[in-house]
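Since the structure comes first, as structure tokens, the remarks are kept for the end.
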Amino acid sequence: MPIKKIKGKISRVTDLTSTSREIELTLTEELDFLPGAFVNIFIDIEGEKLRRAYSISSFESPSKRINLSVRKTPKGRVSPIFWGNNIIKKEIEIMGPLGLNTADKIINKKVYLFSFGIGVSVIKSIAKYLIDQIKIEDLTIYMGQRNEKEIIYKDFFDSISDRTKIKYILSQPTDSNYLNHGYIQDHIEKLDFDNSSVYICGQDKACQSLKERILDSNPKNIQFLIEGFH
Ligand SMILES: Cc1cc2nc3c(=O)[nH]c(=O)nc-3n(C[C@H](O)[C@H](O)[C@H](O)COP(=O)(O)OP(=O)(O)OC[C@H]3O[C@@H](n4cnc5c(N)ncnc54)[C@H](O)[C@@H]3O)c2cc1C
């Protein structure tokens, strides 16, 4: 798929949680992409053009409308802009689609999708792609979040729960009896990673730590695709 630079505007923002938002961009040309792809977004802030990478969280492709799911980084330069006044109609430019870890690269029929925080937006698109492709035989999805309020896209995951094994793993649940308490790393002991593809998305450090923990069990014929948000 050709990488293009396309101008556009922010056309809608929707709160996902108190610290994350879905940002809809309306572009002047269609963008053709696969789930797992990201775009570089160029935005003018106080006379300076800043660039940041954001994964595409919408499914429809090719399309002039794409969604990004953004977590507000405290003291960050770009992400808090999406919470500012007058953000609708703000002009931006994107470059994309970028990234090597697209859903078509998944080779095994047994697939694990793991996400940390806002990385769930990528896992959502990849899960939809895999289910639509019907090639997949065994799909397990674990999503790590801080607490119950941080769980996002639950309606989507509920809609595919009959075809997948889904767990929300919470590091600081408000319900002290919550069963899946901790980090994803604490809940993988019983999983069989032989002959599987493992897609991990979220903060780089968390992705690498999970990969190391999986490798501790010496899995055979495992494929890793890691989309680290550094
Ligand atoms: C491939 C890829 C895909 C990504 N996809 C997503 C996505 O889908 N959603 C998403 O939310 N993010 C995503 N990211 C992360 C995103 O690109 C940004 O890094 C993130 O939004 C933070 O940008 P920012 O400008 O708000 O923060 P920055 O200004 O870049 O700051 C980042 C951190 O550095 C600290 N910092 C900044 N300046 C200083 C300083 N002078 N001294 C000390 N500390 C400082 C800040 O406090 C903050 O913790 C992705 C990243 C990559 C590489």
Check: Looking only at residues in the range 1-27 that are without any contact (Cβ under 8 Å) to a residue 40 or more places away in the chain and among the polar types (S, T, N, Q), which one is nearest to the ligand (Cβ to nearest atom)?
Finding: Thr14
Margin query: Gly99 - would you say it is within 19 Å of Leu31 (Cβ to Cβ), within 15 Å of the ligand (Cβ to nearest atom) and touching a strand residue (DSSP E or B) at 6+ places or on another chain (Cβ under 6 Å)?
Written below: yes
Margin query: Test of understanding: among Ile169, Ile131, which residue is among the β-branched types (Val, Ile, Thr) and touching a helix residue (DSSP H, G or I) at 6+ places or on another chain (Cβ under 6 Å)?
Written below: Ile169
Notebook entry, point to check: What pairs come up if the first residue lies in the range 215-226 and is at positive phi, the second is modelled with pLDDT of 95 or more, and their beta carbons are under 6 Å apart, counting only those six or more places apart or on different chains?
Noted result: Asn221/Asn195
Notebook entry, point to check: Within the range 28-40, how many residues turn out to be part of a strand (DSSP E or B), farther than 12 Å from Asn67 by Cβ and either open to solvent by less than 10 Å² (accessible area, probe 1.4 Å) or without any contact (Cβ under 8 Å) to a residue 24 or more places away in the chain (or both)?
Noted result: 0
Check: Out of (1) more than 17 Å from the chain's Cα centre (by Cα); (2) of a type in the set (Val, Ile, Thr); (3) under 23 Å from Leu215 (Cα atoms), the odd one out for Ile184 is which?
Finding: (1)
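The values are calculated or read from the model by the stated rules, or taken from the named source; none is laboratory data. All values reported here derive from a predicted model rather than from experimental measurement. All Cβ positions, even for glycine, are placed from backbone atoms using ideal geometry, and neighbour counts span all protein chains on display. For the accessible areas, the whole protein counts, side chains as well, though only heavy atoms, and no ligand, DNA or RNA atoms are used. Shrake-Rupley method; radii C 1.70, N 1.55, O 1.52, S 1.80 Å.
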